[in-house]
Every structure is written in C-alpha cells, then in structure tokens.
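Heads up, the thing below is written out as structure tokens.
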Amino acid sequence: MKELKESYKVVIMGSGPAGLTAALYAARANLEPLVFEGPEAGGQLTTTTDVENFPGFPSGIMGPDLMDLMREQSERFGAQCVQKAVTAVDFSKRPFRVSTEDEQILASTFIISSGATARMLGLPSERELVGYGVSTCATCDGFFFRDKELVVVGGGDSAMEESIFLTKFATRVTVVHRRDKLRASVIMQQRAGENEKIDFIWNGVVEDVLGSREDGVTGVRIKDVVTGESYVKECQGMFVAIGHTPNSGIFRGQLEMDDNGYLITNNGTSETSVAGVFAAGDIQDTRYKQAITAAGSGCMAAMDAERFIEEHGL
Ligand code: NAP
C-alpha cells in the first residue's frame, strides 16, 4: 500500500457512491484526494445483488461490481483509496486533523460520505439471506418480487412507504410490527390501511428467516409477544424497514446534525456547519437515499471543496 502523506487538500471519508464520485471529481480537478474506505468498503451497495436503477447499465449490474468500477475510475485520475476507517477528527482549526487507528494526517478540506447503515434485526439467517430474498430497500429490490408474497418488518413511515411501494409488484404484503400500534404518521397509516394488498401482524417479532441462498426466502418464523406462541408465515421475501443509523457518531459536538444524527447541510449545497467540511450521500439525506442521488451529491461536495480551496488559496 502506498504510504500516506502528511497532508492532503481533500480527504474523503467513506467509499460508497457519494465518496467515490467525490473522489473522481476531486481527482479530475488535480486535487489528489485521499479516500478512507471505512469499515464497509464500497458501502451499502456491496450488500445488494442486482442494481437495475443506476443509469448506464441497461442490463443491470451487481452492486459490488458497480462499486469496483467506481473505485477504479477514481483511481485512474489519481485518487488514493485506503482500507482504513477514520476514528476521530478535529475540526476546531484548519488544516483539520484526521485520525485513523494508527495514523494522523492533515486535511485542507474534508468530505463526509460515511453513509447510513440500515438497521437489521440481527438474526444470523437474515444476514445469510441479504440479497437472496432479504432486503432493506424496496426501491432497489421490489422489482424482483413480482407476484410474490412479502413480509415487511417495522411500524414506522419507512415500513408503510416500502409496503405501499411493494404492492406494485407483490400479490400480498404483510407488515409485521412488534407492538399493536404503529409509529408511522397518520397519513401513512391511512394509506397502508386502505391498501387491499396490505395486511398486518401485530405484536409479532421475526425470530428466524427460513430459506437458503439457492431457494431464496421461503418464510419467516414469528413469535407473538403477547401469547408467546411461534408460527411460520410463508413468504418469498422479507424487507426490513426499521430505520437507518447515520454514521455520524464521531462528529457529535463538532457539526450540526438533526435529532436522528443526520448532518445538516446549508441551503442545497454540501456545506456543513464548519467551513471546509462538506457532506454527501446518505449521511445528510433523510429523503432519497439512492445510489444515484448519493453520487450526485458526491459530485457537489467535490465541486464545493474545489471552490473552497481556490477561494482560500489552499
Ligand atoms: P422509525 O420512525 O424510527 O421507525 C422504526 C420502526 O421500526 C418502529 O416502528 C420500530 O418499532 C421498529 N423497530 C425498530 N427496531 C426494531 C427491531 N429491532 N425489531 C422490530 N421492529 C423494530 O424509522 P423510519 O420509519 O425509517 O423513519 C425515520 C424517519 O424518517 C421518521 O422521522 C419518519 O417520519 C421519516 N420518514 C418519513 C417518510 C414519509 O413521510 N413518507 C418516509 C420514510 C421515513 P417501535 O414503533 O415499537 O419503536
């Protein structure tokens, strides 16, 4: 691995579509960016199989392949990608101090594209079947479940939205919620409730996902938390919609964020509350969370960083 320099004009944290697009643009602007790939190099797309909604790939592309191509494209123009995670930052003065487990470097500008992690139930069978019938993204994977029966886990707005979306493809969508009352907003509850293809299992906790990578999901084992009984609900897919956790913990106290930990950006730009620090992708996106929107915002962050460097003569 190439040794790290003492300081960089642009340091990027995260290597999903946002980070690697920022790297591509910064590299093409001759800024020789450094990308800390983070604990999950390539980001959330590396946990999916076919990606059919990223423009330019009419036959679809596997998520990990798409991310490999993005990395290769950024490296072609001089981006340096390292398999390390940022463990601490100090934004109190410029250049910013960026630490990994065993090194510290200086950054004139810093682009945060560390993403948000979809929460999962934490079952071994769920992890085994991610991309093989278990998904955390209806927009990405719903299309693969035409004429299938699906289970959606969760009781918030995401679960309602995903369930409603999935009825475009599925014959039946069953929402499994751990309580007897939804957390979702009234309007989303109404919309889901009025949809004839959606029904609900209350007080249900998914204990196990049944199936295999060869056959896909065949059902879920649900425990009724009131009666204590367990039973199998047959289905061909399970969507987990229990929220996302933005990977913003190390910025607490240094950058403005909302109550859920998403970074706040300024007025349609990628600027955060600290000059010279920019945010792109899911870390600042509570709404769209798509690979293509993340890539677009990565481009914005690189352009904002480039302008900042020019304006400040860095
Ligand atoms: P959320 O509001 O935090 O809801 C998460 C849901 O998952 C809750 O019902 C929760 O159950 C359940 N849950 C959490 N952990 C679980 C576990 N381990 N096992 C089983 N169930 C679990 O998250 P969200 O739905 O992603 O929404 C996040 C924010 O985005 C909200 O502010 C929401 O309003 C907003 N949003 C809005 C829209 C829209 O308006 N169209 C769409 C999507 C998201 P409990 O209820 O028992 O806690």
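Quick rundown of the values:
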{"quantity": "Cα shape, the stretch 242-314, gyration tensor, a/c 1.5 rule", "calculated": "oblate"}
{"quantity": "Acute angle (nearest 10 degrees) that the helix 63-76 long axis makes with the longest principal axis of the chain, alpha-carbon atoms", "calculated": "10 degrees"}
{"quantity": "Highest to lowest packing among 35-43, 257-265, 111-119, scored as the average C-beta count within 10 Å", "calculated": "111-119, 35-43, 257-265"}
{"quantity": "Net charge of neighbours whose Cβ lies under 13 Å from the Cβ of Met300, counting Lys and Arg as +1 and Asp and Glu as -1", "calculated": "-3"}
{"quantity": "Largest-first principal axis extents of the Cα set of the chain (Å)", "calculated": "64, 39, 34"}
{"quantity": "In the chain, lysine pairs with alpha-carbon atoms under 30 angstrom apart (chain gap of 8 or more, or interchain)", "calculated": "29"}
{"quantity": "Two-site FRET efficiency, Lys93 against Leu4, from Cβ-Cβ distance with R₀ of 22 Å, rounded to 0.05", "calculated": "0.60"}
{"quantity": "FRET efficiency for Asp224 and Glu72, using Cβ-Cβ distance with R0 set to 51 Å, rounded to 0.05", "calculated": "0.55"}
{"quantity": "All Cα pairs of the stretch 1-122, percent lying beyond 19 Å", "calculated": "47 percent"}
{"quantity": "Mean ellipticity per residue at 222 nm, deg cm²/dmol - from DSSP H runs of n ≥ 4 across the chain, formula -39500 (n - 2.57)", "calculated": "-7000 deg cm²/dmol"}
{"quantity": "Range of Cα positions in the stretch 179-314 per principal axis (Å), largest first", "calculated": "66, 38, 30"}
{"quantity": "About the Cα centre, charge dipole magnitude for the chain (Lys/Arg +1, Asp/Glu -1 at Cβ), debye", "calculated": "380 debye"}
{"quantity": "Amide proton proximity set for Thr109, modelled H, under 5 Å, gap of 5+", "calculated": "Val10, Val11"}
{"quantity": "Dipole magnitude of the stretch 71-201 about its Cα centre (Cβ charges: Lys, Arg +1; Asp, Glu -1), debye to nearest 20", "calculated": "280 debye"}
{"quantity": "Average accessible surface area per residue within the stretch 161-241, 1.4 Å rolling probe, Å²", "calculated": "56 Å²"}
{"quantity": "Residue-count net charge about Ala118 - beta-carbon cut-off 10 Å; Lys, Arg +1, Asp, Glu -1", "calculated": "+1"}
{"quantity": "For the stretch 140-240: rounded, prolate or oblate by the Cα gyration tensor [a/c cutoff 1.5]", "calculated": "oblate"}
{"quantity": "Carbon and sulfur %, accessible surface of the stretch 28-120 computed with the full protein complex present, 1.4 Å", "calculated": "45 percent"}
{"quantity": "The stretch 262-314: trypsin sites (Lys or Arg not before Pro) falling in loop per DSSP and having at most 14 other Cβ within 10 Å", "calculated": "Arg287"}
{"quantity": "Debye equation applied to the C-alpha atoms of the stretch 31-185, log10 I(q)/I(0) at 0.09, 0.10, 0.11, 0.21 Å⁻¹", "calculated": "-0.43, -0.52, -0.61, -1.31"}
{"quantity": "Enclosed volume per residue, in Å³, of the convex hull spanned by Cα atoms of the stretch 78-118", "calculated": "106 Å³"}
{"quantity": "Where labels lie 7 Å past Cα in the beta-carbon direction, separation of Ser212 and Glu103 in nm", "calculated": "4.4 nm"}
{"quantity": "Segments 55-65, 209-219, 162-172 sorted - mean Cβ within 10 Å per residue, highest first", "calculated": "162-172, 209-219, 55-65"}
{"quantity": "Acute angle (nearest 10 degrees) that the helix 17-28 long axis makes with the longest principal axis of the chain, alpha-carbon atoms", "calculated": "20 degrees"}
{"quantity": "Ordering of 74-82, 246-254 by packing [mean C-beta count within 10 Å, highest first]", "calculated": "74-82, 246-254"}
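The values are calculated or read from the model by the stated rules, or taken from the named source; none is laboratory data. Computed from a predicted model, the values in this text were never measured in an experiment. Cβ sites come from the backbone with ideal geometry, for glycine too, and all protein chains shown count toward neighbours. Remember, those area values only see protein heavy atoms, side chains included, never the ligands or the DNA or RNA. Shrake-Rupley method; radii C 1.70, N 1.55, O 1.52, S 1.80 Å.
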